[in-house]
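**Q** The structure is given below, and queries will be raised subsequently.
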Amino acid sequence: MKLARTLAAAAAVATLSLGGSPIAFADDEPPADNAPCAKQQTKVDKAEDALAKVTAVFARQKDKLADAQAELAAAETDKEKAQAQKKVDFWTAKAAETKKEKKAQKQRLAKAQQRLADCEAENPSA
């Protein structure tokens with residue numbers, strides 16, 4: 001009985017995946033306007049949004065680093081200095097990681113913009 005149920009489920013999945021029933025997923029839908037470069041435009045928009053998010057995170061981390069450095073400068077005891085130095089080291093490392101992510105995202109955006117420009121050059125009617 002268990003084998004029959006498993007085979008029936010596998011057959012149903014195979015039927016659906018091979019076109020037995022049209023199932024539309026939100027991520028698989030084409031853009032509303034069927035312009036030739038609509039896909040590239042959506043990728044550029046996504047890359048710009050991602051860059052904005054990374055930039056905001058980087059700015060917050062720089063603020064946290066500045067606060068930690070101010071705390072280190074105001075520390076009086078050795079224990080306070082050690083704790084403040086740990087915070088400075090932590091936020092310095094985080095900011096360095098985010099800086100790399102930001103650089104990579106800028107490159108992704110530049111490539112997406114280049115693909116969009118190439119597509120628009122190929123399809124001047126768009």
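**Q** Just to be sure, is Ala32 among the hydrophobic types (A, V, I, L, M, F, W, C), at pLDDT below 95, out of contact with any helix residue (DSSP H, G or I) (no Cβ under 7 Å at 6 or more places or on another chain) and not in a helix (DSSP H, G or I)?
**A** yes
**Q** Can you name the residue in the range 43-90 that is outside any helix (DSSP H, G or I) and not hydroxyl-bearing (Ser, Thr, Tyr) and, of all such residues, is farthest from Leu109 (Cα to Cα)?
**A** So the residue we want is Glu76.
**Q** Continuing with the same structure: Could you list, in sequence order, all residues of the range 54-81 that are basic (Lys, Arg) and surrounded by 12 or more Cβ atoms within 10 Å (Cβ to Cβ)?
**A** Arg60, Lys62, Lys64, Lys81
**Q** Residues Ala117, Ala95, Ala84: which one is surrounded by fewer than 16 Cβ atoms within 10 Å (Cβ to Cβ) and either modelled with pLDDT under 95 or over 15 Å from Ala66 (Cβ atoms) (or both)?
**A** Ala117
**Q** Also, I was wondering about something else. Scan the range 91-126 for residues that are of a type in the set (Val, Ile, Thr) and not in a helix (DSSP H, G or I) and report the count.
**A** 0
**Q** Of the residues Phe25, Phe90, Phe58, which is of a type in the set (Phe, Trp, Tyr), modelled with pLDDT of 80 or more and either more than 30 Å from Ala117 (Cβ to Cβ) or out of contact with any helix residue (DSSP H, G or I) (no Cβ under 6 Å at 6 or more places or on another chain) (or both)?
**A** Residue meeting the stated conditions: Phe90.
The values are calculated or read from the model by the stated rules, or taken from the named source; none is laboratory data. This one's a predicted model, so the numbers in the text were calculated from it and none came from an experiment. As a convention, Cβ positions derive from the backbone with ideal geometry for all residues, glycine included, and neighbour counts pool all protein chains shown.
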